[in-house]
Number of protein chains: 6
Amino acid sequence: MRPEFETEQFKKGLKIRREVLGGAYVDKSVASADDMTAPLQKLVTEWCWGEVWGRDTLDRRTRSFLNLAMLTALNRPHEIRLHVRGALNNGLTREEIREVILQAAIYCGVPAALDAMKVTLEVFKEFDAEAAEKK
Amino acid sequence: MRPEFETEQFKKGLKIRREVLGGAYVDKSVASADDMTAPLQKLVTEWCWGEVWGRDTLDRRTRSFLNLAMLTALNRPHEIRLHVRGALNNGLTREEIREVILQAAIYCGVPAALDAMKVTLEVFKEFDAEAAEKK
Amino acid sequence: MRPEFETEQFKKGLKIRREVLGGAYVDKSVASADDMTAPLQKLVTEWCWGEVWGRDTLDRRTRSFLNLAMLTALNRPHEIRLHVRGALNNGLTREEIREVILQAAIYCGVPAALDAMKVTLEVFKEFDAEAAEKK
Amino acid sequence: MRPEFETEQFKKGLKIRREVLGGAYVDKSVASADDMTAPLQKLVTEWCWGEVWGRDTLDRRTRSFLNLAMLTALNRPHEIRLHVRGALNNGLTREEIREVILQAAIYCGVPAALDAMKVTLEVFKEFDAEAAEKK
Amino acid sequence: MRPEFETEQFKKGLKIRREVLGGAYVDKSVASADDMTAPLQKLVTEWCWGEVWGRDTLDRRTRSFLNLAMLTALNRPHEIRLHVRGALNNGLTREEIREVILQAAIYCGVPAALDAMKVTLEVFKEFDAEAAEKK
Amino acid sequence: MRPEFETEQFKKGLKIRREVLGGAYVDKSVASADDMTAPLQKLVTEWCWGEVWGRDTLDRRTRSFLNLAMLTALNRPHEIRLHVRGALNNGLTREEIREVILQAAIYCGVPAALDAMKVTLEVFKEFDAEAAEKK
């Protein structure tokens, strides 16, 4: 690991980030970091994951709900994809994720909900395929 | 009440809307409805409140979390104001609302969080003043 | 059809939705609905199409103009694609659609207009190919 | 008038802008232009009004519909205020403006519609007050 | 100062934040911090100001340009107000700020530019009044 | 070239646009213009490039900084791609582009920064491949 990644805050963040988004995906991002991408990797891991996701007042389930809601409103399909996966890892049921999208239809508008649903269904398919492979 | 408000769906929605946002505020919106505003009042009460807030899969606490997150992302201070109030009515603590704003700082950006905090603090002051009056 | 789709409002909405977006596309969405997607299909068909598109005050041509304008502002290319098709079905000329995009360049910014133009040209090509096939 | 305002394109745009938004408001913006604001006044008058609003393919009524839709989606209350006024000047009825807001509730989300309705009602009141004064 | 503010990163950030936004404004935000607002104050001061504004690759003038551009696009008038002030403190001329707004008219749309101009002119007036007072 | 492209303003804009975005890309857009796309090509070339990019108060380096910031905030990956290329042509270093993205992480949110980084890295790869080919 790069020397600037050797902080307590980074390690704390990395642990949470791996647990939520999956070890393989996160390890790849961190291992491939170069001078161009390392400062953003550091910022995201320390600040987003170590600082905010590491706070106790909300549990991870609630934080996953918040992220799905915000990312749908913000129109960020790449991140929705990651955080639907994170939501499943954090114990949300598929029905609960569906309800977030329904509520987003009202507050963010129907196109936001349809776009989020499209990405979500793709993640569910990937999960099913991965589960089938493991058998 | 206007005749188009006399549906089962409207009554169901009105009950939930009053419980979440407060009876006085909602009754005023409904009572003042005229030909210009009634169709939107009907749409919001039946669909948003009767249909989506009325679904069982998520409890009201979770729906309040989602709304605070979405409204902060969407940059809608009038609605944040109403739904901070709704969140307190639905049992969120002030610390939990603070955490939503912190998480929004990461995903929606610092200006979104600062704007949401400003409105939230104003609602807390109003609540304290109302509580002091009741004593 | 699923039992929850057997309402008057759904049937009314489905008819309009098919006429605007095309029967094949809509039938596929409805037929493939499962427990994950059915509530959103129901919401969209009843609320968006039955309730709002079903209102008389504006004709479908005007509603298509509004949708192209809003979807360009909202940065939702999947929906722009559907509603360029809908606009052509509702009788807008290609020149009229072009004018919406030009006006969007002013109010939503040049990148919004360029992105909408890109999707629009793709739909026009699809239409031309479909017309050529039918001959 | 400032020398850089003496172009054919500016005069063409100014005429349309005055007819849509009202002469008093526009004359004030143009007359008060200084080195800070003149380039933006010039850009808006020549480009937005002379170039785009001056095109023939869409009539002014349709352009008002488009603007109300886009400005609601873009969350720009100052401009909604001006263009509700412009819409009334261009012959839209209050019921037609209401329908734009209802359709925006679906596509832009309920908070966008409620915010637009609030501003719209204020403009209607101003119009009624001005009409009462003229009697 | 609260104990959680006693970090090196906070002190570094506070120094830069005071230099850019003005000492009086920042000191008030920090001094008034309570359990509700302190975590966000800490996050903003350490990460936004200590970490990102504290990096060497871009000078403060360039960072002010970036902020004016982003905040105009993001539709955040409270923050535009602060950062027009910051831009003047960082040595941007009024003409340079005007040019940012003109470029935003093209890319973010005319309403974004007009809204930003409105706030900017108010800040310039405040600056002139403060300068007149000091004489 | 189409007759409506034969204005002084268009030629001025075309020259700047070619220098910033690259001659091959721009020539293709202009040469392929038909009745559908020509008015937008004309609007963009004359107003965006001839009028605003052609102004003296800001140099092209600064305008590239502004564009990267705005386009990241506006969530427009196609345009980010073009303007990362433009930024390199205007002399920004890769480190400077990285810093824009880091600052956007704070103000526009982490997902905006991650999406912009993704596109930026792709452009850097293309540049490297083109440089390798030329050898």
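The values are calculated or read from the model by the stated rules, or taken from the named source; none is laboratory data. All of these numbers come straight from a predicted model, not from anything done at the bench. With ideal geometry, Cβ positions are generated from the backbone for all residues, glycine too; neighbour counts draw on all protein chains shown. Side chains included, ligands, DNA and RNA excluded: accessible areas come from the protein's heavy atoms. Shrake-Rupley method; radii C 1.70, N 1.55, O 1.52, S 1.80 Å.
Please report the buried accessible area for the interface of F with E, total over both chains, probe 1.4 Å, in Å² to the nearest 100.
Buried area between the two chains comes out at roughly 2700 Å².
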In the neighborhood of residue C:17, defined by Cβ-to-Cβ distances under 14 Å, what is the net charge if each Lys or Arg adds +1 and each Asp or Glu adds -1?
+4
Taking the solvent-accessible surface of protein heavy atoms with a 1.4 Å probe, what is the per residue accessible area of segment C:39-135 in Å²?
33
Distance between segment D:74-131 and segment E:73-102 - C-alpha centres, whole angstrom:
30
Calculate for chain A the 222 nm mean residue ellipticity that helices alone would give, adding -39,500 (n - 2.57) per DSSP H run of length 4 or more and normalising by residue count, nearest 500 deg cm²/dmol.
-23000 deg cm²/dmol
Tell me the distances, shortest first, between residue B:54 and the same position across the other copies, using label points 7 Å along Cα→Cβ, in nm to one decimal.
1.6, 4.6, 5.4, 5.4, 6.1
Can you tell me which of E:70, E:36, E:117 moves the most in a GNM of chain E? Springs connect C-alpha atoms under 10 Å apart.
E:36
Kindly identify the protein assembly as shown as rounded, prolate or oblate by the Cα gyration tensor criterion: order the square roots of the eigenvalues as a ≥ b ≥ c, call it rounded if a/c is under 1.5, otherwise compare a/b with b/c, prolate if a/b is larger, else oblate.
rounded
Three-way shape call for segment B:1-56 based on the alpha-carbon gyration tensor, with the a/c threshold at 1.5
oblate
What are the extents of the Cα atoms of segment E:58-135 along their three principal axes, listed from largest to smallest and rounded to whole Å?
40, 28, 20
Relative to the first principal axis of the alpha-carbon coordinates of chain E, what is the inclination of helix E:94-107, with its axis defined by its Cα atoms, in degrees from 0 to 90 and to the nearest 10?
80
Shortest first and in nm to one decimal, what separations exist between residue A:25 and its copies in the other chains, measuring from label points 7 Å along the Cα-to-beta-carbon line?
3.0, 3.0, 3.6, 3.8, 4.7
Under the Karplus relation with 6.51, -1.76 and 1.60 and θ = phi - 60°, whole-Hz ³J(HN,Hα) for segment D:36-53, x at Gly and Pro, equal 6, 9, 4, x, 6, 4, 5, 4, 5, 5, 6, 7, 5, 8, x, 7, 8, 4
Convert each backbone phi in segment D:67-82 into a coupling constant with the Karplus relation 6.51 cos²θ - 1.76 cosθ + 1.60 (shift: θ = phi - 60°), then list the ³J(HN,Hα) values in order as whole Hz, x for Gly and Pro.
5, 4, 5, 5, 5, 5, 4, 7, 6, 10, x, 4, 6, 4, 3, 4
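So, counting K/R as plus one and D/E as minus one, what does the shell of residues with Cβ under 11 Å around residue C:42 add up to? Before the final figure, lay out the partial values.
Numbers: positive: C:2; negative: B:51, C:4, C:6, C:46.
Residues near residue C:42 contribute -3 overall.
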Across the identical copies, how the residue A:4 labels are spaced - nm, sorted shortest first, 7 Å along Cα→Cβ:
2.6, 4.1, 4.9, 4.9, 5.9
If the elastic network links every pair of Cα atoms under 10 Å, which of E:88, E:68, E:121 fluctuates the most in the Gaussian network model of chain E?
E:121
Could you work out which residue, out of E:112, E:87, E:24, moves most in a Gaussian network model of chain E, that is, has the largest mean-square fluctuation with Cα springs under 10 Å?
E:24
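Residues of C:90-102, mean number of Cβ from any other protein chain within 10 Å of their own Cβ, rounded to a whole number? It would help to have the intermediate numbers written out before the result.
Numbers: counts 0, 0, 0, 1, 2, 7, 3, 2, 9, 9, 7, 4, 9.
Partner Cβ neighbours, averaged per residue: 4.
What does the charge add up to near residue F:120, with Lys and Arg as +1, Asp and Glu as -1, over the other residues with Cβ less than 14 Å from its Cβ?
-3
What percentage of the solvent-accessible surface of segment D:58-135, computed with a 1.4 Å probe over protein heavy atoms, is contributed by carbon and sulfur atoms? Display every interim value, and only then the final one.
Numbers: 1460 of 2740 Å².
Ligands and nucleic acids excluded, carbon and sulfur reach 53 percent.
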Could you derive backbone 3J(HN,Hα) for segment E:118-128 from the dihedral phi with the Karplus parameters 6.51, -1.76 and 1.60 (θ = phi - 60°), listing whole Hz in sequence and x where the residue is Gly or Pro?
4, 5, 4, 4, 5, 5, 4, 4, 4, 4, 4
Axis carrying C to F; for chain C the Cβ-nearest residue and its rounded Å distance come to C:75, 3
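What does the charge dipole of the protein assembly as shown about its Cα centre add up to, to the nearest 20 debye, if the Cβ of each Lys and Arg holds +1 and the Cβ of each Asp and Glu holds -1?
Working: 126 positive and 126 negative charges, 0 e Å.
Magnitude of the dipole: close to 0 debye.
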For residue E:109, other-chain or 5+-apart residues with amide H closer than 5 Å (H placed, Pro excluded) are C:109, C:110
Quick one: how many lysine pairs in chain D have C-alpha atoms under 28 angstrom apart, if they're 8 or more apart or on different chains?
18
